[in-house]
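The structure under discussion appears below in the form of structure tokens.
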Amino acid sequence: MKSPLLSLPGAVAAEGQDEGVAAHYGDLFREQRALADGTGLVDLSHRGVVTVTGDDRLSWLHLLLTQHVSELPVGRATEALILSPNGHIEHALYLVDDGETVWAHVEPGTREALIAYLESMKFFYRVEVADRTDDIAVVHLPAGSIAEAPEGVAVRETPYGRDLFLPRADLESYAAAHGPVAGVLAYEALRVEGHRPRLGFETDHRTIPHEVGLIGTAVHLDKGCYRGQETVARVQNLGKPPRRLVFLHLDGSDVHLPGHGTPVRLAADGAEGRQLGFITTSARHHELGPIALALIKRNVPLDAELLAGDTAAAQETVVEA
């Protein structure tokens, strides 16, 4: 779904998973600084929007999700996962309940499979699941923003900003009133700085929550059964995850950023050494320079100098070894 904000001056369309919105509007660092200062907004209207209504919505979701939501207070934002039977991450949901409806936004291209799974689990519960992507657009306001949400719009308020579930028909007028609009590259740079993992970037088909630091934020350790809980409990109580997420400071002399999937090796072993992981997301930050997140083997020394492709990288711990 192509955003109408792509018609704004300077807009350059994003590619890949973020296709449909702007990567930037001509000045990546200016857009980042605006967001860091609490001004402007980010068009996330390419994300899927799913709602759950009905008297049993919270108790039913509590059975399916990794998060404790049976008594979720009205207006409190949370995030949750759906795991495979083996504990691998399949879906990530960013939730809020407005007292009548649970609103969730999800990664582009995932809502159909998510809805199909939710529909298959309804049984006799009093719930209705709906795809609202066609009429609702997600807009992100950075932390510190004084922009007001329109009356009646569901809002997820988090430490790093507010997500608005805005009627898609109001997207252009809201952006005109509360801009400037920043592209997803600016948003992603701040996400990487904040060590926040993203489904399909920091995760692959075998990622478990412990590896990417989602225990506590998206996984509640003291709730009832859900699919994949056995793996979560076993790793929490008896072992360590096989991989861990790290934050990387990249050598700023390289012109090109290492892309998603770029092999990570020990610098001491050189570019032909054994692969120990891969780059998940890289970005150019307005203050830190080139940075990245990477998923590497747990036993890589915490102080080891690394190579991302042929780019030197110094690591900071995100998930403890």
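For ILE146, the stated conditions hold: it is out of contact with any helix residue (DSSP H, G or I) (no Cβ under 8 Å at 6 or more places or on another chain) and part of a loop (DSSP other than H, G, I, E, B). The set of residues from the range 150-179 being out of contact with any Leu (no Cβ under 8 Å at 6 or more places or on another chain), closer than 30 Å to LEU250 by Cβ and touching a residue at least 40 places away in the same chain (Cβ under 8 Å) comprises just one member, THR158. Checked against (1) surrounded by fewer than 18 Cβ atoms within 10 Å (Cβ to Cβ); (2) under 18 Å from ALA92 (Cβ atoms), ASP134 passes all but a single condition, namely (2). Note on the range 35-93: residues that are among the basic types (Lys, Arg) and surrounded by fewer than 21 Cβ atoms within 10 Å (Cβ to Cβ) total 1. Checking each residue in the range 91-105 for being free of Cβ contacts under 8 Å to residues at least 60 places away in the same chain and at negative phi picks out LEU93, ASP97, ASP98, GLU100, THR101, VAL102, ALA104.
Among the residues of the range 1-23, those identified as in contact (Cβ under 8 Å) with a residue 60 or more places away in the chain, open to solvent by 50 Å² or more (accessible area, probe 1.4 Å) and in contact with a Gly (Cβ under 7 Å, 6 or more places away or on another chain) are MET1, GLN17. Among the residues of the range 258-277, those that are of a type in the set (A, V, I, L, M, F, W, C) and touching a residue at least 40 places away in the same chain (Cβ under 8 Å) comprise VAL264, LEU266, ALA267. Of all the criteria given as (1) surrounded by fewer than 19 Cβ atoms within 10 Å (Cβ to Cβ); (2) in a helix (DSSP H, G or I), the one not satisfied by GLY26 is (2). Taking only the range 278-315 into account, find how many residues are in contact (Cβ under 8 Å) with a residue 24 or more places away in the chain and within 20 Å of the chain's Cα centre (by Cα). Here the count works out to 14. Out of VAL138, VAL155, VAL129, one residue alone is more than 14 Å from ALA77 (Cβ to Cβ) and part of a strand (DSSP E or B). It is VAL129. Considering (1) assigned to a helix (DSSP H, G or I); (2) farther than 28 Å from TYR117 by Cα; (3) of a type outside the set (Ser, Thr, Tyr), the lone condition that GLN17 does not fulfil carries the number (2). Open to solvent by less than 60 Å² (accessible area, probe 1.4 Å), touching a Pro at 6+ places or on another chain (Cβ under 7 Å) and of a type in the set (Ser, Thr, Tyr) - does that describe any residue in the range 254-274? Among the residues of the range 254-274, not one is open to solvent by less than 60 Å² (accessible area, probe 1.4 Å), touching a Pro at 6+ places or on another chain (Cβ under 7 Å) and of a type in the set (Ser, Thr, Tyr), which makes the answer no.
Across the range 221-253, the qualifying residues are those that are touching a residue at least 24 places away in the same chain (Cβ under 8 Å), within 21 Å of the chain's Cα centre (by Cα) and more than 16 Å from LEU63 (Cβ to Cβ), and the one among them that is most open to solvent (accessible area, probe 1.4 Å) is HIS249. Considering only residues in the range 153-188 that are open to solvent by 50 Å² or more (accessible area, probe 1.4 Å) and of a type in the set (A, V, I, L, M), the one that is farthest from PRO290 (Cα to Cα) turns out to be ALA169.
The values are calculated or read from the model by the stated rules, or taken from the named source; none is laboratory data. Remember, predicted model here, so these are calculated numbers, not experimental data. Quick reminder, even Gly has a Cβ in these numbers, built from the backbone with ideal geometry, and neighbours come from all protein chains shown. SASA here: full protein model, heavy atoms, side chains in, ligands and nucleic acids out. Shrake-Rupley method; radii C 1.70, N 1.55, O 1.52, S 1.80 Å.
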